[in-house]
Structures are given as C-alpha cells and as structure tokens.
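The values are calculated or read from the model by the stated rules, or taken from the named source; none is laboratory data. For clarity, every value in this text was computed on a predicted model and none was experimentally measured. Ideal geometry is used to build each Cβ from the backbone, glycine not excepted, and the neighbour counts take in all protein chains shown. Surface areas here come from the heavy atoms of the whole protein model, side chains and all, with no ligands, DNA or RNA. Shrake-Rupley method; radii C 1.70, N 1.55, O 1.52, S 1.80 Å.
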Amino acid sequence: MLKSGTIIQERYTIVRPLGSGGFGAVFLATDGRLGQRNVAIKYFATAHMRPEERDSLAHLFQQEAHTLASLSHPNLAPVLDYFAVDDGWMLVMGYVPGESLAALQKRLNGPFGEQQVVDWAIELCNVLEYLHNQRPPLIFRDLKPANIMRTPEGKVILIDFGIVRRFKEGQHQDTIQIGTPGYAPPEQYGGQTEPRSDLYSLGSTMYVLLTNERVTSGLRLPPVSQSVDWVSPALDGLITQLTSLHIDERPASAAVVRAELEQIRDLPIVPIADPFAILPQAAPYRGAEAPTRVNPQVQQQQSYEHASVTPRPIQATPQPVINQRKARVWPWVLLLLLVFGGGAGWWYLNRSNQLQTPLVPTQLSNLPDSAAGDLIISSREGNSGAYNLLSLDIPSGNVSAVVPHHDDNAIASRRRSDGRVAYSHGVDGLEQVFTINADGSDEQQLTSAPGESRAPRWSPDGSKIAFESDRDRSNNNSFDIYIMDADGSNVQRVTAEGGWQGGPAWSPDGSKLAFHSQTSDLYEIVVLDLASNKQYLLASVDDSAFWADWSPDGQTIAFMTGDNDSRTKIYTVPTSGGEPRELTTLGNGKNRWPRWSPDGRYLAFESYRNEHWGIYLQNLETGKVEALSDGTRHDRWPSW
C-alpha cells in the first residue's frame with residue numbers, strides 16, 4: 001500500500017487511497033508538473049500472479065494503456081499517463097469527483113426511480129456506442145454501479161479501465177477471463193467477449209439500480225417486475241433482453257438500446273422519492289405505489305433464485321406484516337424532510353438509524369446450554385506450528401484437550417444436545433470436517449478431497465452441519481457454502497455466486513444462514529433464507545466484513561472487519577436491517593471473531609494484545625471485559 005506523500009516518477013504525489021480491488025488499488029494524487037491538479041492513479045499489482053499471468057497482463061496493459069490514452073469522450077475518465085513500477089504498473093487518469101452509483105445506492109439504501117435509471121442508461125449507451133465504434137471495437141467488460149461515477153453536476157462517467165479489451169474477429173476465447181460475477185456475461189468466463197457482452201452488464205446494472213437486489217453469475221435474472229411492481233413493461237422487457245444468457249438474444253447494439261430507452265423515457269412512470277428532485281412526479285404508472293429510495297425493509301432486498309441449488313427446505317420464520325397504509329405515508333414525509341429540511345432531514349434519517357440499531361439483543365434467549373462454563377478454543381504454544389482444540393474453563397482458566405489423538409485442529413462448533421464437536425482437521429495438507437464426542441471418543445471424518453472443507457457449524461437442532469468448501473472450485477468460484485447431515489451424508493451446495501462465500505452461521509430457528517460473501521472487491525455479510533432459497537445483503541463496510549454470528553434471540557448479527565491489522569474490529573447489525581455499529585468498549589487490540597453465549601449475556605472474542613492472541617469475554621449487561629487466556633499461549637477462534 002502506497003503511503004500518503006509518496007512521490008512517483010518525480011511527478012505524482014500520493015494523497016490518499018480511493019479504493020482497492022483484486023488487481024490493486026486506486027489512489028488520489030496530485031500532478032506536480034501541471035499545477036498540482038488532482039489525478040487518479042490505478043496501481044495494478046503483479047506480485048500475487050503466476051508468471052504466465054504476469055507476462056500476459058504486462059502485454060495487455062501496455063497495449064490497452066496506449067489505446068485508452070487516445071480516447072476522448074465526455075462520459076469517460078481520460079487516461080493521461082502509464083508506466084511500469086517494480087511490482088506492477090500504474091495508469092494515471094483524470095480524477096472524477098463525486099460518488100459511484102454503488103456507493104450512492106448503499107448510502108440511500110433503496111431502489112432508484114425509473115426515469116433516473118433510464119437517463120443514466122442513455123448516457124451509458126452513448127459511451128458504449130463510442131467504444132464499440134472504435135476499430136476494432138473496444139469492450140469495457142466491467143460495467144457495474146461501482147465503476148460508474150455520478151459527478152456533482154449529475155453526469156455519469158465510466159471509470160476503471162482495468163480490463164478493457166479489443167474485440168478480435170475470429171478469436172474464440174479471451175486470453176484472460178476477468179470481470180465481476182453477476183455483471184459479467186457467461187461468455188466472459190469461457191468464450192470471447194464482444195459488444196453485446198457490455199449490454200449484458202448494462203442490463204444487470206439497471207436491474208440492481210431499480211431493485212437494490214444482488215445479482216448472481218451464471219443465473220438468468222428474474223423480471224424486474226417481480227421485485228418492484230411500478231416498473232414499466234417496456235423497460236422490464238428490455239432488461240430481460242439485455243440480460244439473456246444467450247448472446248444472440250440480446251439487442252444488436254448500444255445504439256439500438258439507446259433508441260428504445262429514449263422511447264421509454266417518454267412513457268408515464270411511477271413517482272419515487274428522490275433526494276435530487278425538487279418535487280415528486282405525478283401520474284403513477286398503473287396506480288402502483290413505488291417504494292422510497294430510503295427503504296428500511298431489508299427483507300425485501302437482494303432476492304433471486306439459484307437455479308442449480310436445491311437445499312432441503314427448512315421451515316422459515318414468518319415475516320412481520322407491514323402496515324401498508326403507514327408504508328405509503330412515511331416516504332413522502334421523509335422526502336419533505338430531505339428536500340426542505342436540509343441538514344435537519346439527514347439528521348432525522350441518521351437519528352432514526354441510530355435508534356433502531358441495538359448493540360445487543362433486546363430479549364435474552366431461553367436456549368439450554370449443556371456446555372455452560374467453558375469455551376472450545378484453538379491454541380498453540382508458540383508463533384508457529386499446528387493448533388489444538390482445547391476446552392477452556394471460564395471460571396478457572398484451566399484447559400484440557402478436546403481431540404487427544406492428533407493436532408492441527410481448528411474452528412470448532414459444539415452440538416447443544418450432547419456436546420459433540422465438529423471441527424476442521426488437516427488431512428494431507430487439506431482441511432476436512434470431523435466430529436468427535438465430548439470425551440474424545442468416536443472421531444469421524446465427514447468430508448474428504450477433492451478440495452478443502454472447513455468452518456463447520458451445527459444447526460440448532462443438531463441434525464445438520466453447514467460448512468465452507470472449494471470442492472466445486474472453478475474459474476470464477478473459490479469457496480461456497482454447503483450443508484450435510486450430521487453423519488456426513490446428503491451434502492448439498494447452497495451458494496453458487498462466484499467469488500468466495502464462507503463462514504456460515506445458522507439463525508436460532510435454523511431457517512437461515514448468514515455468511516461472508518465476496519463477489520466483487522469487498523467481503524459483505526449476506527443472509528440466505530433456506531426455505532425460499534433467496535438472499536439479501538445485510539452488512540457492507542469499507543474494510544470488508546467476515547465471520548458472522550447470530551445472537552440467540554435472532555435480532556442481531558455480530559461480525560468482524562479488517563484482516564489482522566489496525567482495521568480489525570467487531571461490529572453488530574440488526575437482522576432487520578440498519579447501519580452496522582462498531583463495538584467500541586472491547587478494549588485496545590485487534591478484536592476479532594465474535595461469538596454470542598447461548599444465553600445472550602456475553603460476547604466471546606479473540607484479540608491480539610501483548611504479542612499474543614487471547615480469548616476475552618464481555619458482559620453485555622455491564623460492558624465489563626475480562627481476559628480468559630493466561631497470555632502464555634496463542635488462543636484463538638472461541639466457540640461456546
């Protein structure tokens with residue numbers, strides 16, 4: 001990571017980071033040769049790449065940087081310079097002030113109105129048409145809300161030219177398959193991209209902006225009208241065409257799409273609360289009520305079907321009934337506050353979020369705790385070597401081995417009914433899932449190669465185990481979530497998003513799984529309803545979110561951020577939706593891996609303090625934090 005004040009090429013001075021992704025990071029810098037004007041420098045890291053990837057991308061970078069520097073369009077960030085550095089390359093672009101559509105939608109927490117999305121899409125079609133009309137055509141290949149900036153003047157500009165490529169007639173496959181799952185079309189992972197590939201990404205982008213739902217790679221998107229009933233049939237049908245998995249079923253060109261959008265723009269549309277508009281529009285389409293942009297009903301978000309996933313249905317908890325009359329009234333009240341109240345409106349919004357975001361469960365659980373008084377932890381004596389599972393007695397601090405037969409055991413979960421432990425153990429260099437009785441007897445291996453299987457969690461009724469595994473790893477999939485019966489049979493894959501899905505945690509009623517998901521730059525906390533097989537995004541923070549744990553009353557999820565550095569912190573978020581809140585009373589240290597006690601009164605966590613990892617316990621009623629480890633070992637990954 002480049003530090004502020006670093007001077008590059010005796011010209012550019014790094015100011016601060018703007019963002020990061022799989023291939024590097026983007027920094028705000030000043031150009032010393034041109035009056036200290038602001039520029040954006042994209043750093044492409046190569047240290048993590050295989051030699052063949054590095055050589056291929058070096059040629060690609062030089063070729064594309066030269067091409068991009070020759071482009072000029074009002075909806076493109078200009079490329080000003082490019083050069084190689086010791087461990088990668090750098091691309092210097094014009095700095096675009098404003099906010100990405102992804103960040104804007106995250107902040108407003110809801111869908112955008114049809115007219116706004118159509119206007120943005122027309123601008124995007126203009127720039128796609130410009131790129132596709134180059135000779136040979138240029139394919140952007142990573143069109144998504146995070147790569148679309150909205151300037152203070154309201155214009156949208158494409159940024160991040162990391163994977164743009166020329167279309168080569170007759171070539172059957174791209175040299176390198178890269179893109180963002182959910183926005184990249186199927187041919188981007190196994191064929192050659194062409195101009196209509198960007199149209200798929202445009203359709204996925206419009207879908208997300210209109211619904212505020214997550215998109216998934218390899219699966220056909222449902223109609224927008226299944227999520228929002230105020231979208232016009234013409235726009236709904238166009239997006240269905242754009243997101244066809246078959247390239248020949250998509251519109252022929254960006255020009256054709258732009259013409260259709262211009263016709264749709266003149267149709268009557270539904271009003272939707274818009275902080276950028278002075279007055280709401282009249283004449284709602286079909287008399288339907290559109291939701292406000294600031295939409296707290298998280299359970300309505302991020303829903304889509306997994307065509308290839310069929311987990312055994314588990315009875316879901318009924319969703320609370322929403323008073324529709326009140327739901328129709330409050331958006332307009334909020335809009336008036338936002339538009340006419342200025343700062344007071346935003347103060348009210350923030351105040352509302354704060355009041356609705358409990359730090360701890362409001363009701364304590366009555367679940368029995370057959371293992372009261374101790375935690376299972378992973379421990380080792382020094383800074384290297386294998387971990388062992390130990391039972392840590394809370395009152396005395398005494399420890400005893402859980403698996404006496406071998407070491408290299410970690411990340412355990414205990415069944416409430418009889419204390420049987422599920423855990424990860426290394427077998428021939430790969431982690432696999434085992435179970436063992438509380439007295440160290442009857443050890444059973446439940447998973448095996450190919451691939452690793454780890455981070456097991458018992459279902460509340462003790463009949464199933466959820467775990468993460470890369471057994472079905474592919475070009476765009478790393479780890480996914482699986483469920484199996486307690487004896488290791490009936491293994492079922494329940495996620496197929498692309499990227500990395502891991503760290504499953506059951507809801508107390510067994511109807512849902514929370515897990516961390518990386519389908520783009522950051523890891524986020526996502527909830528999967530097992531009965532409906534639908535997901536919604538629950539928590540997203542700037543430093544990624546990992547390793548969720550559900551409170552016993554089902555109202556709150558705790559999770560960690562960062563990666564063993566100063567950003568490593570613990571947050572909570574209501575399962576009904578809301579702003580994640582950092583727990584600031586846990587003490588100084590790298591605080592990670594939160595785990596609720598079965599009665600909901602305590603939060604166990606690991607923390608790096610005094611050059612050792614140790615287990616700590618916070619009383620959630622008093623706030624008091626106590627060290628459970630004696631400081632002589634490295635104790636990690638507590639589990640009740």
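Tabulated results
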| read-out | value |
| --- | --- |
| Those strands (runs of 3 or more DSSP E) lying entirely in segment 1-120 with at least 3 residues in contact with a Lys or Arg (Cβ under 6 Å, 6 or more places away or on another chain) | 24-31 |
| Checking ASP553 against (1) surrounded by 18 or more Cβ atoms within 10 Å (Cβ to Cβ); (2) part of a strand (DSSP E or B), the condition it does not meet | (2) |
| Elements of type helices (runs of 4 or more DSSP H) in segment 187-268, at least 3 residues being on the phi < 0 side of the Ramachandran plot and surrounded by fewer than 20 Cβ atoms within 10 Å (Cβ to Cβ) | 233-242, 254-265 |
| Answer residue from segment 393-416, given it is under 18 Å from ARG457 (Cα atoms) and among the β-branched types (Val, Ile, Thr) and is surrounded by the fewest Cβ atoms within 10 Å (Cβ to Cβ) among those | VAL403 |
| Top-ranked residue in segment 63-83 [being at pLDDT below 90 and under 31 Å from the mean Cα position of the chain (by Cα); ranked as most open to solvent (accessible area, probe 1.4 Å)] | TYR82 |
| Residues of segment 365-381 that turn out to be surrounded by fewer than 16 Cβ atoms within 10 Å (Cβ to Cβ), touching a Lys or Arg at 6+ places or on another chain (Cβ under 9 Å) and modelled with pLDDT under 85, as a count | 4 |
| Pairs with Cβ under 6 Å, 6+ apart, first in segment 385-397 and on the phi > 0 side of the Ramachandran plot, second open to solvent by 50 Å² or more (accessible area, probe 1.4 Å) | GLY397/ASP630 |
| Top-ranked residue in segment 27-62 [being β-branched (Val, Ile, Thr) and out of contact with any helix residue (DSSP H, G or I) (no Cβ under 6 Å at 6 or more places or on another chain); ranked as modelled with the lowest pLDDT] | ILE41 |
| The one condition in (1) open to solvent by less than 30 Å² (accessible area, probe 1.4 Å); (2) modelled with pLDDT of 90 or more; (3) of a type outside the set (Gly, Ala, Ser) that THR585 fails to fulfil | (1) |
